[in-house]
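These notes are about the structure you will find just below.
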Amino acid sequence: MEVIIRPTREKATTLVARLLLDQIKAKPDSVLGLATGRTMEEVYEKVAAKNPDFSECSSFNLDEYVGLPGTDENSYRYYMNEHLFNKINIKLENTFLPNGVAEDLKLECEEYEREIGKRGGIDLQLLGIGRSGHIGFNEPLSALFSRTREKALTPVTIEQNSSLFDNPEEMPKQAITMGVGTILAAKRIILLATGKEKADIIAKAVEGPITSMISATALQLHQSCVIIVDEEAASELKEKGYYRWIFKNEPEWKKYQDF
Ligand code: GLP
């Protein structure tokens, strides 16, 4: 795991956008794992602004609310269309999200996993982090080997996300999410977190013990995972000096110093 601390949210989101664009340049038919949430909006805006070529890419989102069709403004399908897919040249038929209104949710989850496999697995997975420490909707006690499945949302998550609904009561209490194991199978992972309210959970995820109570801690097991944070989200990390040294000195990061 590597940690990159950028001075501001602006710089953190610009770096993530750059890394995503570099991925599709290096591999035009990349299979991308995409995330939703407020943090990602700025990343997608910056990606779309560069007029990128996504024509050969496919994408799989982490999660979707159970019970919301893609036409619902609060669904993650709607979010992705609005914030990214409608602004770039990706073929909509190559964009996948779990179907939250599938008749047989278990089968839907199995098919989602199969489709990822058929396309050769995820090359680059983007992640945000919830205040409960979830990645995707892998709430506390999610098995570290779990695969795509239905998951009940915790009160912390419901509190965090319900403010996005016109009527907070209408927020679904269940979601379909890629499992922790699905996420760990991606070839490369980038987690982005910004703002003071993420500082505590970032410190636990990066420097705390691995536990299924905080699914983001499982990222410590991954061979190629980068955590990108702004100063506020980094404020409770203990080894900041070391992380900064790595970013400054590792050849891999040389060309990204100014982003
Ligand atoms: C939702 C998503 C998560 C995401 C989180 C962060 O809960 N299921 O995948 O990481 O939002 O949200 P925000 O960026 O709004 O803090």
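Nothing in this text is a laboratory measurement; each read-out follows from the coordinates by a stated rule. Everything numeric here is computed off the predicted structure, so don't read it as measured data. Backbone-built Cβ (ideal geometry, glycine too); neighbour counts: all protein chains shown.
Can you tell me what share of the DSSP beta bridges in the chain is antiparallel? A percent to the nearest 5 is fine. Spell out each step's value before the answer.
Working: 8 of 30 bridges.
Roughly 25 percent of the DSSP beta bridges within the chain come out antiparallel.
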* Would you mind computing Rg(Cα) / (2.2 N^0.38 Å) for segment 2-254, counting N as its residues? => 0.95
* At most 13 other Cβ within 10 Å, DSSP loop - trypsin sites (Lys or Arg not before Pro), segment 30-69 -> Lys50
* Report the residue, chosen from Glu108, Glu45, Glu170, that carries the largest GNM mean-square fluctuation when the chain is represented by alpha-carbon nodes joined by springs under 10 Å. => Glu170
* Asked: So which lysines pass the test for Lys173, namely a Cα distance under 21 Å, with those fewer than 8 places away in the same chain ruled out?
  -> Lys106, Lys151
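Local charge sum around Val226 (other residues, Cβ-Cβ under 13 Å, Lys/Arg +1, Asp/Glu -1)?
Numbers: positive: Arg6, Arg18, Lys187, Arg188; negative: Glu2, Asp22, Glu250, Glu252.
With Lys, Arg at +1 and Asp, Glu at -1, the neighbours total 0.
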* **30 Å Cα-Cα threshold exceeded, pairs from Lys46/Lys254; Lys11/Lys118; Lys87/Lys118; Lys25/Lys204** => Lys11/Lys118; Lys25/Lys204
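For a quick check: sort Ser162, Ser132 by the number of other beta carbons within 10 angstrom, fewest at the front. Present the calculation step by step, with values, prior to reporting the outcome.
Numbers: Ser162 17, Ser132 22.
Least to most surrounded, the residues fall as Ser162, Ser132.
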* Asked: Using 7 Å Cα-to-Cβ label points, what is the Asp166/Leu221 separation (nm, one decimal)?
  -> 4.3
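Between Thr71 and Leu21, what is 0.36 nm times their sequence separation minus the Cα-Cα distance? Round to one decimal in nm. Kindly include the intermediate steps, with their values, before the conclusion.
Working: separation 50, 0.36 × 50 = 18.00 nm, distance 2.80 nm.
Using 0.36 nm per residue and subtracting the Cα-Cα distance, I get 15.2 nm.
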